[in-house]
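Data block below; observations after.
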Amino acid sequence: DAAAPHLTWNDAPIPSGAPTFFEIAGVCRRYHCPQSRTLCFGTVPARYRKAEAAAHAAIEAGLSAARPGATASEVAAAVLAAIRAHGFEKDSRVGYGVGIGYPPDWGERSFSLRSGDATVLEAGMTFHLMPGLWLDDGGVEITETALVTPTGAEPLARTPSAITAAAGG
């Protein structure tokens, strides 16, 4: 069930055309690089392709806005503007600081990419950018972890981010 994030597993079959997503993290010496991707069994419905386009635009906007001297709130505003430009609304945070963490959490609890967070980004900071969109019957979760560099932000992984259509259902 991709209608909400962080649900508990159940053994209900996933119907054809329904999305699901997985969230994993690369870890080295307790430094984390989380990432989410969406999978759809059968044909991907058009409404999910539209949400996918919004998520990709939001990620690009967030990466473009994230640079030394920008605030977490400014990055969030850029992400939310891109989401709205694609016809969606999101009223929650769109990311958070990550780095060294201890199970069961990889977040540093240092800042959130949300309205009102005045944390100033500095080179060397890392964050998990997560413009997840939940529709009435599921959601699209495409996320990236990025490093703030002296000149901008750089994703830490190169995993393809398009919704994967898989056989089955």
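Length gained on full extension, R158 to A46: 37.8 nm, using 0.36 nm per residue less the C-alpha separation.
Once the Cα atoms are used to define both axes, helix 46-65 deviates from the longest principal axis of the chain by about 10 degrees. Using the Cβ-Cβ distance between S64 and R29 with R0 set to 41 Å, the FRET efficiency from 1/(1 + (r/R0)^6) comes to roughly 0.85. Taking every protein chain into account, the accessible area of region 19-161 amounts to 47 square angstrom per residue (probe 1.4 Å).
Taking the average, over residues, of other Cβ atoms within 10 Å as the packing measure, peptides 137-148, 75-86 rank 137-148, 75-86 from highest down. In the chain, the longest principal axis of the Cα atoms and the axis of helix 72-85 are about 30 degrees apart.
Dipole size of the chain about its Cα centre, with +1 on Lys/Arg Cβ and -1 on Asp/Glu Cβ: approximately 260 debye, rounded to the nearest 20.
Tell me, what % of the accessible area of the chain is carbon and sulfur with a 1.4 angstrom probe? Each step should come with its number before you reach the end.
On the way: 4840 of 8710 Å².
Within the chain, the accessible surface is 56 percent carbon and sulfur.
With the helix formula -39500 (n - 2.57) applied to DSSP H stretches of n ≥ 4, the chain reaches a computed 222 nm mean residue ellipticity of -6500 deg cm²/dmol. Please state, as a whole number in µm²/s, the translational diffusion coefficient that the Stokes-Einstein equation yields for region 1-153 at 4 °C and 1.567 mPa s, with Rh defined as the Kirkwood radius across alpha carbon pairs. D = 81 µm²/s.
The values are calculated or read from the model by the stated rules, or taken from the named source; none is laboratory data. None of these values were measured; they are calculated from a predicted model. No Cβ is skipped: glycine too gets one built from the backbone with ideal geometry, and neighbour counts run over all protein chains shown. Side chains included, ligands, DNA and RNA excluded: accessible areas come from the protein's heavy atoms. Shrake-Rupley method; radii C 1.70, N 1.55, O 1.52, S 1.80 Å.
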